[in-house]
1. Tell me, which strands (runs of 3 or more DSSP E) lie completely within segment 310-412 with 1 or more residues that are within 25 Å of Asp777 (Cβ to Cβ)?
2. How do the pairs read when you match residues in segment 695-708 that are more than 20 Å from Leu680 (Cβ to Cβ) with residues anywhere that are of a type in the set (A, V, I, L, M, F, W, C) and open to solvent by 40 Å² or more (accessible area, probe 1.4 Å), using Cβ under 7 Å and keeping only pairs 6 or more apart or on different chains?
3. Go through segment 433-454 and count every residue that is over 17 Å from Ala493 (Cα atoms) and acidic (Asp, Glu).
4. Specify which of the listed residues (Ile618, Ile639) is assigned to a helix (DSSP H, G or I), over 17 Å from Glu713 (Cα atoms), in contact with a Lys or Arg (Cβ under 8 Å, 6 or more places away or on another chain) and touching a residue at least 12 places away in the same chain (Cβ under 8 Å).
5. How many residues does segment 582-626 contain that are of a type outside the set (Gly, Ala, Ser), touching a strand residue (DSSP E or B) at 6+ places or on another chain (Cβ under 8 Å) and open to solvent by 20 Å² or more (accessible area, probe 1.4 Å)?
6. Pull up segment 771-811, narrow it to residues that are in contact with a Gly (Cβ under 8 Å, 6 or more places away or on another chain) and modelled with pLDDT of 85 or more, then point me to the one that is surrounded by the fewest Cβ atoms within 10 Å (Cβ to Cβ).
7. What are the residue pairs meeting all of these: first residue in segment 318-336, first residue under 19 Å from Asp134 (Cβ atoms), second residue open to solvent by less than 40 Å² (accessible area, probe 1.4 Å) and among the hydroxyl-bearing types (Ser, Thr, Tyr), Cβ atoms under 6 Å, and 6 or more apart or on different chains?
8. Which of (1) at pLDDT 90 or above; (2) crowded, with 17+ Cβ neighbours inside 10 Å does Phe359 not meet, given it meets every other one?
Amino acid sequence: MEKNILLCRLHIKGMACKYCTSTVEFVLQASPGVQRASVALATEEAEIRYDRRIVSASQLIQVVEETGFEAILITTGEDRSRIDLRMDGVLDERSIMIVKNSVQALPGVENIKLDAKLRKVTISYKPEQTGPRDLIEVIKSATSGLVNASIYLEADGRDQHRYVEIKQYRQSFLWSLIFTIPVFLTSMVFMYIPWLKAGLERKVFNMMSTGELLRWILSTPVQFVIGRKFYAGAYKAMCRGSPNMDVLIALGTNTAYFYSVYSVLRAATSVNYMSTDFFETSSMLISFILLGKYLEILAKGKTSEAIAKLMDLAPETAILLMYDQEGNVVGEKEIDSRLIQKNDVIKVVPGGKVASDGFVIWGQSHVNESMITGESRPVAKRKGDTVIGGTVNENGVLHIRATFVGSESALAQIVRLVESAQIAKAPVQKFADQISRVFVPLVILFSLLTWLAWFVAGRLHSYPNSWIPPSMDSFQLALQFGISVMVIACPCALGLATPTAVMVATGVGASQGVLIKGGQALESAQKVDCIVFDKTGTLTIGKPVVVDTRLLKNMVLREFYDYAAAAEINSEHPLAKAIVEHAKKLHPEENHIWPEARNFISVTGYGVKAEVSDKSVIVGNKSFMLSSDIDIPSETLEILMEEEERARTGIIVAMDREVVGIISVSDPIKPNAHEVISYLKSMNIESIMVTGDNWGTANAIGKEVGIQKIIAEAKPEQKAEMVKELQLSGRTVAMVGDGINDSPALVSADVGLAIGAGTDVAIEAADIVLMKSNLEDVITAIDLSRKTFFRIRMNYVWALGYNVIGIPIAAGVLFPSSRFRLPPWVAGAAMAASSVSVVCWSLLLRYYKSPKIVSS
């Protein structure tokens with residue numbers, strides 16, 4: 001079932017404002033087979049979760065294009081492992097058929113698409129069965145060397161579209177300036193230079209002057225050639241019944257232009273009519289709007305810099321080691337890093353980047369992982385340790401066996417997570433959505449009412465003629481007010497207020513090792529007033545070590561640990577791993593084989609049961625023993641109390657229903673844990689610790705870190721219940737955990753924060769992932785979310801304030817008292833500036849610095 005649910009991403013061209021995104025989102029959401037659709041104006045992308053049995057990616061593209069927008073496929077979600085190859089050589093029908101059949105016959109190849117015109121073949125495959133080098137070799141050998149394949153070099157689709165768009169707007173703006181500057185000079189500057197004024201006022205035909213004719217000629221290409229994109233956008237918007245920003249621009253500029261044409265033509269046919277034209281209004285409006293769009297796209301491009309930086313971490317080349325049949329290295333070869341296949345062995349030299357996720361099979365070194373995890377200290381690596389692609393090798397030479405390549409790599413998954421986060425909407429954005437639905441129609445209506453009110457007032461002589469500027473009549477004055485209202489209104493700023501801030505914040509968070517899964521997580525995090533901490537792996541380092549063993553029966557220590565380790569070997573719990581690691585130390589051989597454990601049962605938060613050799617073994621806490629009807633001697637209870645007072649965890653081992661020993665495990669508290677809890681208190685956030693451990697250990701840990709409210713011996717479901725109880729009392733709750741047993745609570749909390757070194761289940765369940773596993777990042781996540789929402793609120797204050805104040809001023813509310821009026825071209829410039837200012841205000845988040853915690 002889950003295999004049929006895919007995530008498709010589309011780049012959508014032509015969206016001008018929030019109204020456009022709402023329209024696209026609505027039609028996608030209404031499509032059969034679509035479970036969820038999110039459309040972001042800031043990224044101009046749509047993310048669609050769909051059932052491929054009901055609808056295909058091509059049908060989704062068609063749905064978008066029926067609304068009047070252009071949709072370009074980024075990914076269908078079907079082919080996580082996909083490669084584009086360029087084919088050089090003889091490419092006729094026969095060779096195309098040979099290439100298709102040969103590649104399709106390879107095990108692991110799922111799909112092949114060949115574009116002969118572009119000489120490009122796109123292949124989807126299973127990385128565990130084949131890889132790009134195999135595909136290239138097959139193409140070459142199948143065609144007897146007549147066709148050679150190589151990586152198809154093509155810029156990232158989104159970047160390509162952005163560069164094209166930036167270039168188009170820059171060229172359009174520059175061309176508009178060539179025509180608009182003379183229009184501006186002839187209408188507003190040269191009129192004050194006597195000898196130029198005389199030339200411009202010279203009559204060409206009846207009352208039509210040279211200046212009017214020049215302005216008409218110069219403004220026409222700006223209106224209809226350079227400004228054609230606004231006509232196209234307005235036409236499509238009206239066809240789908242959803243007027244947008246393009247409609248306002250087209251109405252405003254057309255009104256100014258065609259009234260000017262009427263006025264000039266009337267002057268040309270009259271011997272006494274003095275015309276007044278607004279050609280400078282239409283051409284300057286279009287020029288300023290193009291400039292605003294150009295600056296807006298440039299600024300929006302910077303909001304996604306974090307993704308570009310992440311993608312640039314992967315090295316361009318890698319050194320592939322070649323082995324003989326006996327496993328000896330016989331040579332090395334430099335290859336494109338995109339050609340790495342699963343199980344390849346890659347050599348990483350000092351100062352070089354790790355080209356792929358994998359594990360060390362030879363050598364030792366220190367690796368700087370700060371670019372992925374944000375952890376500044378280099379991490380020691382030796383045989384058996386895992387490495388992450390994109391990190392930097394510091395000193396020694398490493399041989400690494402590739403495990404996760406291409407889209408399966410950690411880097412690719414982080415990029416996907418950040419991309420999804422930047423599209424995911426914050427609930428506060430619904431406010432902008434509701435306004436945008438009625439904004440444009442209301443502005444058009446208000447503009448018409450403004451013109452009508454001033455025109456009627458002029459006809460009824462409700463204001464003196466001295467109010468009317470020279471060379472204007474009441475109709476022209478009213479017209480100017482109406483146009484100003486239409487072009488000053490800006491729904492774009494409202495639409496960009498939230499997504500641009502969320503985009504920058506998620507990118508900044510990722511660069512600091514805090515992966516935030518979208519606007520919902522950010523909005524919830526900034527409201528948090530209570531944090532529930534798990535103990536093991538969260539407040540403590542999460543790598544417990546055995547510090548003491550008490551045997552209560554006569555038996556050899558190594559034999560005791562053999563039974564305990566055999567029972568615990570299948571458990572993922574950190575305490576179980578500590579027991580197994582300690583047991584290994586009692587055996588001289590490196591890979592000791594433990595006795596087989598049959599009928600293994602793991603009870604989360606309590607312990608494990610298994611049959612090992614000839615004995616029934618139970619390893620767990622006191623509650624687990626009691627629930628298993630095992631009698632606990634008073635001597636054992638005394639030892640457990642002693643260990644609890646020393647902040648140690650006592651694990652009881654029972655064999656054949658009799659307690660035979662106690663293993664004392666200690667898990668060191670994380671550095672700065674006390675300082676983090678104190679800082680959270682200064683942020684008015686209460687800290688609570690919930691753990692499955694015993695009360696004695698929990699109280700000792702709580703006292704050391706400064707947490708007063710503690711819940712111990714809690715099952716996973718009890719952790720979730722406590723979170724719900726806190727929520728019912730009106731608290732906004734965050735849960736910080738790292739294990740499978742924390743997943744129910746992470747899901748139940750308003751915000752789930754998973755420690756990055758924890759389990760995949762916990763990370764999947766969380767809203768925010770702390771890659772560095774540092775507690776300080778809990779503060780970073782909450783502080784960043786608060787600062788982000790401060791920016792969002794300020795964006796809304798500016799966007800709403802701008803419209804609430806600007807529209808009445810444009811309508812002439814100040815004119816009766818001060819004779820101040822806003823020319824339409826100034827109103828247009830203000831509209832363009834409002835969107836740019838919102839984006840720039842969000843971009844200031846790029847300079848965010850996390851709070852510094854001073855160690856005591």
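1. Values: elements: 317-323, 329-336, 345-348, 357-362, 365-368, 379-381, 398-404.
Here the list reads 357-362, 365-368, 379-381, 398-404.
2. Note: pairs meeting the criteria are Gly696/Met641.
3. 0
4. Step by step, each of Ile618, Ile639 is checked, and only Ile639 is assigned to a helix (DSSP H, G or I), over 17 Å from Glu713 (Cα atoms), in contact with a Lys or Arg (Cβ under 8 Å, 6 or more places away or on another chain) and touching a residue at least 12 places away in the same chain (Cβ under 8 Å).
5. So the answer is 14.
6. This residue is Thr780.
7. Once the first residue is under 19 Å from Asp134 (Cβ atoms) and sits in segment 318-336, its partners that are open to solvent by less than 40 Å² (accessible area, probe 1.4 Å) and among the hydroxyl-bearing types (Ser, Thr, Tyr) give Ala318/Ser337.
8. Tallying (1) at pLDDT 90 or above; (2) crowded, with 17+ Cβ neighbours inside 10 Å, Phe359 fails exactly one: (2).
The values are calculated or read from the model by the stated rules, or taken from the named source; none is laboratory data. Quantities reported herein were computed from a predicted structural model and do not represent experimental measurements. A quick note on method: Cβ atoms are made from the backbone with ideal geometry, for glycine too, and the neighbour counts reach across all protein chains shown. These area figures cover heavy atoms from the full protein model, side chains too; ligands, DNA and RNA do not enter into them. Shrake-Rupley method; radii C 1.70, N 1.55, O 1.52, S 1.80 Å.
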